[in-house]
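Please read the structure below before turning to the comments.
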């Protein structure tokens, strides 16, 4: 199965998503801010990254920029999983390399797991998905 890194500062949400992906037999790493996320990703490259936007120390946009600027991580698909519902935030994320922008409140964890499965299937077929917004 896939290795998934979840970067989310809310401990309840991060645990909920960790359990949802672990139930599907994925290996899951959790970080609580962008800096910790980059460290965990460097130590153990994931298959896909779920990234919150509003976090302490380093926000999701800055984290995304650093991931896409690094040759080791630039091709790892990143899904922005956030409560920011402004289209401009989604446009910024997608323009900087996110493959999907999901509003947390609009989807339950099972639905998010299904979206991640679809993206992973596309990547394993070498058919990268088009950027998508779920606002």
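Summary of computed values
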quantity	calculated
Residue in the stretch 91-98 that is part of a helix (DSSP H, G or I), buried (at least 20 other Cβ atoms within 10 Å of the Cβ) and either at pLDDT 95 or above or touching a helix residue (DSSP H, G or I) at 6+ places or on another chain (Cβ under 6 Å) (or both) present	no
Counted residues, the stretch 78-90 - those being in contact with a helix residue (DSSP H, G or I) (Cβ under 6 Å, 6 or more places away or on another chain) and either on the phi > 0 side of the Ramachandran plot or surrounded by fewer than 22 Cβ atoms within 10 Å (Cβ to Cβ) (or both)	1
Flag for residue 3 being under 13 Å from the mean Cα position of the chain (by Cα) and either farther than 16 Å from residue 115 by Cβ or free of Cβ contacts under 8 Å to residues at least 60 places away in the same chain (or both)	yes
Only one of 84, 50 that is more than 13 Å from the chain's Cα centre (by Cα) and either under 16 Å from residue 107 (Cβ atoms) or part of a loop (DSSP other than H, G, I, E, B) (or both)	84
Residue 55 being in a loop (DSSP other than H, G, I, E, B), under 20 Å from residue 105 (Cα atoms) and touching a strand residue (DSSP E or B) at 6+ places or on another chain (Cβ under 8 Å)	yes
Residue count, the stretch 28-47 (criterion: under 21 Å from residue 100 (Cα atoms) and either out of contact with any helix residue (DSSP H, G or I) (no Cβ under 8 Å at 6 or more places or on another chain) or part of a strand (DSSP E or B) (or both))	7
Checklist (1) touching a strand residue (DSSP E or B) at 6+ places or on another chain (Cβ under 8 Å); (2) in contact (Cβ under 8 Å) with a residue 40 or more places away in the chain; (3) surrounded by 17 or more Cβ atoms within 10 Å (Cβ to Cβ) applied to residue 113, failing item	(1)
Tally, over the stretch 14-25, of residues that are under 15 Å from the mean Cα position of the chain (by Cα), within 17 Å of residue 114 (Cα to Cα) and surrounded by fewer than 18 Cβ atoms within 10 Å (Cβ to Cβ)	1
Residue 55 vs. criteria buried (at least 17 other Cβ atoms within 10 Å of the Cβ), in contact (Cβ under 8 Å) with a residue 24 or more places away in the chain and more than 20 Å from residue 120 (Cβ to Cβ)	yes
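The values are calculated or read from the model by the stated rules, or taken from the named source; none is laboratory data. Since the model is a prediction, treat every value here as computed from it, not as a measurement. Every residue, glycine among them, receives a Cβ derived from its backbone with ideal geometry; neighbour counts consider all protein chains shown.
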